[in-house]
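Any read-out appearing in this document is the output of simple, stated calculations on the displayed coordinates, not a laboratory observation. Bear in mind that the values here come from a model prediction, so they are computed numbers and not experimental data. Reconstructed Cβ throughout: ideal geometry from the backbone, glycine too, with neighbour counts over all protein chains shown.
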Amino acid sequence: MDKAPALTKEDLIKLAEEHAQDGNSVDVVKLANRFGIKVYEYPFGEGVSGAVRKKENGEVSIYISDQDSVARQRFSIAHELAHAVLHKDLVDSHKVIKRSKNDFSNIEIEANKLAEEILMPEKAISRFIKEENLDKNAEINSSIIQKIAEAFKVSTMVAIIRLRNLNYNVPYISYA
Ligand SMILES: [Zn+2]
């Protein structure tokens with residue numbers, strides 16, 4: 001059987017956009033499945049949220065903590081999927097990459113950034129903002145942030161980071 005062609009970051013973002021249900025949250029499990037990757041819950045315990053592992057038979061699987069919230073599990077799936085695409089060599093050789101709380105290495109930062117792009121595709125966000133009758137420069141207040149976080153099933157922190165990276169006007173106040 002031929003090997004599936006290596007998927008690029010652009011493929012992943014494009015597919016994520018297609019998987020945005022009703023223009024909102026992306027079904028990340030289905031998205032992983034499209035890449036031939038299965039997702040399992042795993043009792044990691046404290047400190048680890050997810051991992052990606054390549055088995056001896058070549059199958060790639062994503063494991064997420066069974067104790068995390070849905071928003072965090074979704075982020076972990078997107079993050080591990082990002083590793084599978086961005087850090088394929090590492091996944092191929094190390095066999096497992098774990099996601100722990102205080103790891104701020106470059107590959108973790110890269111995976112987080114792509115995870116944010118997968119969970120909140122630019123087109124889906126721009127559609128959402130339009131439907132709220134806001135323009136690109138409008139101030140995104142805390143109630144809109146809350147609405148976006150709920151619609152895209154992400155934490156408010158992830159929503160804020162993503163919106164700022166897309167140059168939306170999110171004021172620097174705390175959203176307690
Ligand atoms: Zn990671």
| said: With a cut-off of 8 Å between alpha carbons and a minimum separation of six or more residues, what is the relative contact order of the chain in percent? | reply: 23
| task | Taking the Cβ of each residue in Val39, Val52, Val29 as the centre, tally the other Cβ atoms inside 10 Å and list the residues starting with the fewest. | result | Val29, Val39, Val52
| task | Please report how far the C-alpha centroid of region 35-51 lies from that of region 106-176, rounded to the nearest whole angstrom. | result | 25
| query | Quick one: helix 70-86 against the long Cα principal axis of the chain, what's the angle to the nearest 10°, folded into 0 to 90? | reply | 60
| query | Helix 156-165 sits at what angle to the longest principal axis of the chain, using alpha carbons and giving 0 to 90 degrees rounded to 10? | reply | 80
| said: Taking the beta-carbon count within 10 Å as an exposure proxy, list Thr8, Thr156 from fewest neighbours to most. | reply: Thr8, Thr156
| field | Nearest 10 degrees, 0 to 90: helix 122-131 Cα axis against the chain principal axis | value | 30
| Likely footprinting exposure, Val170, Val158, Val28, fewest C-beta neighbours within 10 Å first | Val170, Val158, Val28
